[in-house]
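Worksheet for the structure shown next.
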Amino acid sequence: MRYYFSGENEVVFDIEKTKNGYKILKDKLEKIYSIKEIGDSLFFSSDDKEWKKLIKLKSLKDISIASDKFNVYKGFKPSGVGEQDFGSLVTQMPGKIVKLFCSVGDEVKKGDTLLILEAMKMENEIKAGADAVVKLVNVEENQSIESGHLMLELDIKA
């Protein structure tokens, strides 16, 4: 599953569950962490020698690390969030395009529904994160798409 930590800077992680813990991929670097439970606490280690306690979070919507505050998005993030792919709408899980509400050249407003994506048996409204012009439409209705597929590209208005 992909996680986006959007704040002043953006950090993106792909996390996969393994037999004894988790594999974390960031910027093509892979790190394996083991997890063990002792009493009511969880501990993690990258070398199975030095163990650190995991902090339990009540919510993943937003977290603070040191003095930085991050908004956390799981799987998808709204378009226009973060600076790395501002205006690009890329799916992070396989799905099917149910309905397309825009075409190249359309002017859209922040919050406008651009398309409906069915993923994991749920219909997700994919909305514009900013006022923009549709620059690229890379999907069509009833199309099945894989994870990482660029669906739309928006030219954000300054």
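Can you tell me the relative contact order of segment 88-156? Whole percent, Cα pairs under 8 Å, sequence separation 6 or more.
RCO, segment 88-156: 43 percent.
Amide H neighbours of Val98 under 5 Å, counting only residues 5+ apart in sequence or on other chains, H built in-plane at 1.01 Å?
Result for Val98 returns Ile116, Leu117, Glu118, Asn142.
In terms of modelled amide H atoms, which long-range or inter-chain residues lie less than 5 Å from the amide H of Asp112?
Ala128
Label-point separation (nm) for Ile156 and Gln143, each offset 7 Å from Cα along Cα-to-Cβ?
Each label point is offset 7 Å from its Cα along the Cβ direction, giving 2.4 nm.
So if each residue of separation counts as 0.36 nm, and I subtract the Cα-Cα distance between Lys52 and Ile38, what length gain in nm does that give?
Separation in residues times 0.36 nm, less the Cα-Cα distance, equals 3.9 nm.
Using amide H atoms built 1.01 Å from N in the peptide plane, name the residues 5+ places from Leu154, or on other chains, whose amide H lies under 5 Å from its own.
Hits under the 5 Å cutoff: Ser88, Leu89, Lys135.
A short reminder: the numbers here are calculations on the coordinates, not readings from a lab. Just so it is clear, the structure is predicted and the values come from calculations on it, not from any experiment. Neighbour counts are summed over all protein chains in view; Cβ atoms, including those assigned to glycine, are modelled from backbone coordinates with ideal geometry.
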